[in-house]
Each structure stands twice: as structure tokens, then as C-alpha cells.
Amino acid sequence: MKRLLELLLVFFRDLIPFIRPSNRGGFTAFVILVAANSIPVIGVIFFNWHPIVLLIIYWAESAIIGFFNLVMMFISGIIEKGQFSPAGAGLAAIFCPFFMFHYGIFMFVHGIFIAVMYIIITTGSPAGSGEPGIEFFGVIRSFIPQEWTFRGVMGSELSAVTALFINHLVSFYMNFIRTKEYNNTTPPDYMVRPYKRIVIMHMTIILGFFTIFLSGLKGAGVVIIWVTLKVLADLKMNLGDFRAQQKKQVANQHS
């Protein structure tokens, strides 16, 4: 217990300066991150979204992370020190398709994993919490708004995916475009970067699966704890990326 408290104190000691209001960039990213991840909780608790929706939302977030990583690979390849780089463009032409291939395989396996978990939840619960009347593809169809209007999208499960996309779009602008990170990186630098975050997400999914499974798909508190852990993990990863970026900028200035 003492060791756990020490780790928590170190975590929040490092995190608080990053998200305090005076740190405009970090605080803005923190607010958007929390807001985006609050939508699934609100949907499950107040709008009766099926908890399996959270697994699908996190799968969609993995796709969003891969998309922005691919964009960063491309931009970091074609631009070097503020100018077009033919050599970097050649690297991007090689590494971008390769990333799409292996990340696509990862997303496919990730999706199969979620489908298998859904089948276990709905048909194989020893606690009697299975819900065979809920069809997996029916849950997926719930992401399609009845009306393609702002109100229609916000009233559907797609709103959570949209919010997470906006969160990563803001992060892309603040941490890549505004800081001109592309001047200090090349396409190979991004080949494995998403997997650090995805590993944490996988751990969250597995934890969420077992907690939802054991709670009989009814525990609002479980959903809140699950998403809170996911937000804290995201904040820790953002902080790590921010520090790595600062170190690289300092190293480039002295080289």
C-alpha cells in the first residue's frame, strides 16, 4: 500500500504542472481530453448505451490514433527545416504504406478480440449476466445516426467517436503543427509510436471487460472507474510525449 501511494504521489506531482491553468497548452489539452472521454460515460449511464459500446469506441480511437500518426509520418517526411525534402518524401513513400499494412493487421486483430469478448459476455457468462437478445451488429448499427444533422449525430454513439477525433485533432495541431515537430523528426520515428498508447488502451479494454463482466453489465461506478483509469493513462502518455519532444528540441538546438 505504501508503495502504491508513493507511485500515485509521483504520478500527480509530475502531472499537476502539465495541466495547471497557467500552462495554457497543457490545460487546454487536459480539458478537451476529459470532455471527450466523458461522453461515453454519460451515454452508458444516462442514455442506456450498451457497455460494449465503450469497447467499440476505444477500437475507433485506435483507428484515429493510427490516422494521425500516418499524417505525421507523411508531413515529417516531405518537410525538413521548413522546406520540401525529396529524400524525406522517398522515405515517406516507403514507410507510410508499410505502417498502413501492419497497423491495419493490428486493427483487424483488435476488432476480432472485441467481437470475441462480446460473444463471451452475451452467451458465456457463468454469473448469468449474458444478454443473448443484443446482437453485435445491432450494437454497431447504433453508431449510425437516424438523421445526419448535428442533433442526430450528438444523440448517437457516433458523438463519442467524433469527440475523440476532435481531441486528437487538437493534440495534433498543438503538439505537432504548432511546435513544428516535423522539422525534428522523420517517418521512421513514428513507426512504433502509436503502440505505446495502444498497449495502455488494450490493458484498459481487458480491465474493462472483466469488470463489466463481473458486474453484470449494470455497474455505473465500474464504467466511471474504467474511463477514469483510461484518462489518467492518456494523460501520462501525453506528458511523456511532451517531455520527449522538449528533449529532442533541446538536443537539436545544441547540435
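The values are calculated or read from the model by the stated rules, or taken from the named source; none is laboratory data. These numbers were taken from a predicted model, which means no experiment stands behind them. When we count neighbours, we look across all protein chains shown, and the Cβ atoms used for this are built from the backbone with ideal geometry, even at glycine.
Could you list, in sequence order, the residues of the stretch 182-207 that are more than 30 Å from PHE98 (Cα to Cα) and either in a loop (DSSP other than H, G, I, E, B) or at pLDDT below 65 (or both)? Correct list: empty. For the subset of the stretch 137-159 comprising residues that are in a loop (DSSP other than H, G, I, E, B) and under 20 Å from the mean Cα position of the chain (by Cα), which member is modelled with the highest pLDDT? Out of the qualifying residues, it is GLU157. The C-beta contact set for the stretch 77-89 (first residue over 13 Å from ASN184 (Cβ atoms), second residue loosely packed, with under 10 Cβ neighbours inside 10 Å and at pLDDT 85 or above, distance under 8 angstrom, 6+ apart or interchain) comprises ILE78/PHE84. Would you call ALA36 within 12 Å of the chain's Cα centre (by Cα), crowded, with 22+ Cβ neighbours inside 10 Å and part of a helix (DSSP H, G or I)? It is true that ALA36 is within 12 Å of the chain's Cα centre (by Cα), crowded, with 22+ Cβ neighbours inside 10 Å and part of a helix (DSSP H, G or I). Scanning the stretch 79-90 for residues that are surrounded by fewer than 19 Cβ atoms within 10 Å (Cβ to Cβ) and part of a helix (DSSP H, G or I) gives PRO86, ALA87, ALA89, GLY90. A single member of THR122, THR162 is of a type in the set (Val, Ile, Thr), surrounded by 12 or more Cβ atoms within 10 Å (Cβ to Cβ), modelled with pLDDT of 75 or more and under 20 Å from TRP49 (Cα atoms), and it is THR162.
If you go through the stretch 170-199, how many residues are more than 27 Å from PRO86 (Cα to Cα) and exposed (fewer than 14 other Cβ atoms within 10 Å of the Cβ)? Don't jump to the end; show me each part of the working.
Keep residues of the stretch 170-199 that are more than 27 Å from PRO86 (Cα to Cα), which gives 170-171, 195-199.
In the following step, the residues that additionally are exposed (fewer than 14 other Cβ atoms within 10 Å of the Cβ) were identified as 196, 199.
Here the count works out to 2.
From the residues in the stretch 42-52 that are part of a helix (DSSP H, G or I) and buried (at least 19 other Cβ atoms within 10 Å of the Cβ), which one is modelled with the highest pLDDT? So that I can check it myself, show each step before the final result.
First pass over the stretch 42-52, keeping only residues part of a helix (DSSP H, G or I): 42-46, 52.
Okay, now just the ones that are also buried (at least 19 other Cβ atoms within 10 Å of the Cβ), so 43-44, 52.
Details: GLY43: 82, VAL44: 78, ILE52: 74.
Among those residues, the one meeting the criterion is GLY43.
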